[in-house]
Amino acid sequence: MRMLLANAEAWPGFDTTVEHLKNDGPAIDAMVSGIARVEREAKVRSVGYGGWPNMLGEMEFDAGVMDGTTREVGAVGAVPATLPVSALAHEVMKHLPHVMLTGAGARRFATERGFAVDEVLHPDSKRVWWERLQKEMSPQQRAAFPDIPLAPLSNTITDPERVRDTTVFLGVDAGDHIGVVTSTSGWAWKYPGRLGDSPIPGAGFYADSRYGAAACTHTGEMTMRCSTSRSIVLAMRLGYTLEDAIKFAVEELAELKTGFLAGVVIHALDAQGNHQVVNYRCDEEIRYWYWDERMAAPELRVAAAIGT
């Protein structure tokens, strides 16, 4: 059964992907087309052009693509000057023997594949970044910036919109092929070079067309430690229901007692046409988009909250 699951920020491209799936397009191609629209939408403040820069005022993008039938993966991290970065991850999967490229190497490959060098820092994001940074620096630090230690500032500057989200698409096409596509600009004011879970297969995303798929948003530092997405799919392979597989993964997250701990949102579906979105310890109400071929139109739904 054709279906599509995505987080609330996916609104600029969700309908695009649905139309591709209705026309029997491959799941990965359909999702890359849709998520590219999200990446270019300035109103979406957690991904692409609308996202927030790192501590140096530079945009760095992460993305991942996984084909659940072949289990091929393409991923990119800390990529500068490139949109749509999810499409670049797809190019890695199709044209390289590697799984992941990062930084300058990813940008070099983007040029080889015909991607333009894009202006990716939104003027308002630049303004807010510098205003927040100045408040935390001494006059001496401001004069010497950026040649100052950044680590002390990383714990004091606050995300202007509490954005730690990722755009995730999980889809099933007419051939019952399951796939996942992710994209993010990462945490606002992150330390340069930081990768979250979004480009990490097994942590931020995983798909296996025999069993299902999962993708995570918000606190990637936790899901990387627990391999959350892979845990869910592996649990389904071992006979767990979708609901019980997610409970198993949440129990692992709950066992973490040190390090940076916050909320996680899990999006998951199984090969039988079931889906679930769980809000683990996020203060705000979490919504998500859902569509399957039995529905006249996509619906915006509320995730189940646990552990709050």
Pairs with Cβ under 8 Å, 6+ apart, first in region 25-48 and at positive phi, second hydrophobic (A, V, I, L, M, F, W, C): Gly48/Val38; Gly48/Phe61; Gly48/Leu83; Gly48/Val85; Gly48/Val120
Out of (1) in a strand (DSSP E or B); (2) at positive phi; (3) not polar (S, T, N, Q), what's the single condition that is false for Gly114? (1)
Have a look at Glu41, Glu91 and point out the one that is assigned to a helix (DSSP H, G or I), in contact with a helix residue (DSSP H, G or I) (Cβ under 9 Å, 6 or more places away or on another chain) and at pLDDT 95 or above. Glu91
Please verify whether Ala106 is in a helix (DSSP H, G or I), in contact with a Leu (Cβ under 8 Å, 6 or more places away or on another chain), of a type in the set (A, V, I, L, M) and crowded, with 23+ Cβ neighbours inside 10 Å, treating the condition exactly as stated. yes
Is it the case that some residue within region 175-184 is in a loop (DSSP other than H, G, I, E, B), among the polar types (S, T, N, Q) and surrounded by 17 or more Cβ atoms within 10 Å (Cβ to Cβ)? no
Only listed residue being surrounded by 24 or more Cβ atoms within 10 Å (Cβ to Cβ) and among the hydrophobic types (A, V, I, L, M, F, W, C), chosen from Ala27, Ala81: Ala27
For Met236, are the conditions met, namely being within 15 Å of the chain's Cα centre (by Cα), over 19 Å from Tyr288 (Cα atoms), assigned to a helix (DSSP H, G or I) and modelled with pLDDT of 95 or more? no
So in region 186-198, with the set limited to residues that are modelled with pLDDT under 95, closer than 14 Å to Ser46 by Cα and not hydrophobic (A, V, I, L, M, F, W, C), which one is surrounded by the most Cβ atoms within 10 Å (Cβ to Cβ)? Gly186
Only one of Ala110, Ala75 that is out of contact with any Gly (no Cβ under 6 Å at 6 or more places or on another chain) and small (Gly, Ala, Ser): Ala110
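The values are calculated or read from the model by the stated rules, or taken from the named source; none is laboratory data. Note that the structure is predicted; figures quoted are calculated from it, not measured. We place every Cβ from the backbone using ideal geometry, glycine too, and count neighbours over all the protein chains shown.
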